[in-house]
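Student: Handing you a structure now.
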Amino acid sequence: MHVVSSVADVRRIRRELAGSWGLVPTMGFLHAGHLALVERAAAENDHVGVSIFVNPTQFGPAEDLTAYPRDIGRDLELLREAGADLVWTPPVDEVYPPGYQTYVAVEEVTKPLEGAARPTHFRGVATVVAKLFNVFQPDRAYFGQKDAQQVVVIRQMARDLDFPIEIVVCPIVREPDGLAMSSRNIYLTPEQRAAAPALYRALCAARDAWRSGEHDAGRLRQIMAGILAAETLAEVEYVSAADPITLVELEDAAAGALLSLAVRIGRARLIDNVLVGW
Ligand code: AMP
């Protein structure tokens with residue numbers, strides 16, 4: 001496994017190793033959710049590239065950029081076992097050198113949900129992913145359904161900017177009690193950790209209601225909000241039942257919906273989602 005920090009080294013190794021390439025972009029502090037993406041990429045491609053980069057442009061000024069957890073030694077061990085061939089761990093000024101001034105703005109699908117709560121987030125995400133696509137030039141790129149809006153934004157960007165890359169979406173990997181795995185779960189105290197499965201409980205209750213014929217999207221949002229309200233440590237940012245393609249809030253969910261939510265528990269801002277009818 002090659003571990004490099006410069007763009008030039010990624011390009012050189014990319015050229016030297018013939019065959020198909022899968023790319024897995026990450027911010028590190030890896031868990032089983034990330035490793036599932038790497039394993040899928042290894043199964044579907046001759047070579048796997050992984051980036052580990054805590055991308056400053058996708059963090060807002062009041063967010064956890066400096067506190068974001070890191071453990072590069074452990075990450076590299078896990079990636080070696082999972083079958084990565086090339087890991088790029090660039091310093092910030094390799095990605096954004098002095099004088100950097102170009103950003104990718106995806107318009108409509110970045111406005112609601114996470115984009116409303118984090119106004120500059122997707123500009124940073126789209127920019128860094130566009131750069132990763134250009135640096136690695138992979139055949140396929142692997143993303144988790146955990147960040148459902150990110151998937152919609154990246155698909156839109158790849159289509160609009162003609163990136164010849166297949167976007168592969170992998171299912172959410174969860175802890176045994178249902179909590180979606182996230183690097184940010186490390187912020188939770190034991191008491192907060194015990195409260196965190198309320199997110200998935202809320203989503204499952206709305207999904208079960210939808211399956212039983214409740215297709216009023218307002219009611220589905222109420223069901224999620226009701227379950228989260230019972231958890232005193234959970235501070236709800238939003239609950240949503242939206243169109244899975246446009247991300248516009250629905251009134252009628254009969255044709256299916258992306259059920260999603262964002263909740264603060266202590267220092268952690270947690271997101272989760274389930275798709276119904278898709
Ligand atoms: P991050 O390091 O948080 O930027 O995540 C890197 C990639 O891993 C993104 O495509 C995420 O959607 C994906 N990912 C993170 N957590 C999970 C999870 N629990 N299950 C599946 N994919 C995940």
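Student: Check 186, 223, 167 and return the single one that is away from the ligand (no atom under 16 Å from the Cβ) and either without any contact (Cβ under 8 Å) to a residue 60 or more places away in the chain or over 17 Å from residue 278 (Cβ atoms) (or both).
Tutor: 223 is the lone residue from the list that is away from the ligand (no atom under 16 Å from the Cβ) and either without any contact (Cβ under 8 Å) to a residue 60 or more places away in the chain or over 17 Å from residue 278 (Cβ atoms) (or both).
Student: Residues being within 9 Å of the ligand (Cβ to nearest atom) and polar (S, T, N, Q): count how many of those fall in the range 150-164.
Tutor: 1
Student: Which of the following residues is near the ligand (Cβ under 9 Å from one of its atoms), within 21 Å of residue 2 (Cβ to Cβ), open to solvent by 10 Å² or more (accessible area, probe 1.4 Å) and under 14 Å from the mean Cα position of the chain (by Cα): 24, 54?
Tutor: So the residue among 24, 54 that is near the ligand (Cβ under 9 Å from one of its atoms), within 21 Å of residue 2 (Cβ to Cβ), open to solvent by 10 Å² or more (accessible area, probe 1.4 Å) and under 14 Å from the mean Cα position of the chain (by Cα) is 54.
Student: Tally time: how many residues in the range 27-49 are in a loop (DSSP other than H, G, I, E, B), within 11 Å of the ligand (Cβ to nearest atom) and under 18 Å from residue 136 (Cα atoms)?
Tutor: Matching residues across the range 27-49 total 2.
Student: Here's a follow-up. Picking from 105, 130, 82, 117, which residue would you name as being over 19 Å from residue 34 (Cβ atoms) and open to solvent by less than 20 Å² (accessible area, probe 1.4 Å)?
Tutor: On inspection, the qualifying residue turns out to be 130.
Student: If you don't mind, there's one more thing I want to ask. Restricting to the range 88-99, what's the tally of residues that are under 27 Å from residue 269 (Cβ atoms) and either among the β-branched types (Val, Ile, Thr) or open to solvent by less than 60 Å² (accessible area, probe 1.4 Å) (or both)?
Tutor: Narrowing the range 88-99 to residues under 27 Å from residue 269 (Cβ atoms): 88-92, 95-96.
Now drop any that are not either among the β-branched types (Val, Ile, Thr) or open to solvent by less than 60 Å² (accessible area, probe 1.4 Å) (or both), which leaves 88-90, 92, 95-96.
Residues flagged as under 27 Å from residue 269 (Cβ atoms) and either among the β-branched types (Val, Ile, Thr) or open to solvent by less than 60 Å² (accessible area, probe 1.4 Å) (or both) within the range 88-99 amount to 6.
Student: Further, regarding this structure: Going by what's in this entry, would residue 7 be described as more than 20 Å from the chain's Cα centre (by Cα), within 20 Å of residue 126 (Cα to Cα) and either away from the ligand (no atom under 11 Å from the Cβ) or surrounded by fewer than 20 Cβ atoms within 10 Å (Cβ to Cβ) (or both)?
Tutor: Yes, satisfied.
Student: I would also like to ask the following. Taking the range 136-149, which residues are surrounded by fewer than 21 Cβ atoms within 10 Å (Cβ to Cβ) and either more than 11 Å from the ligand (Cβ to nearest atom) or part of a helix (DSSP H, G or I) (or both)?
Tutor: Passing the criteria: 137, 139, 140.
Student: Can you tell me which residue within the range 62-75, out of those that are open to solvent by 30 Å² or more (accessible area, probe 1.4 Å) and under 12 Å from residue 26 (Cβ atoms), is farthest from the chain's Cα centre (by Cα)?
Tutor: 72
The values are calculated or read from the model by the stated rules, or taken from the named source; none is laboratory data. Nothing here was measured: the structure is a model prediction, and the numbers come from that model. All Cβ positions, even for glycine, are placed from backbone atoms using ideal geometry, and neighbour counts span all protein chains on display. Heavy atoms of the whole protein, side chains included, go into the accessibility calculation; ligands, DNA and RNA do not. Shrake-Rupley method; radii C 1.70, N 1.55, O 1.52, S 1.80 Å.
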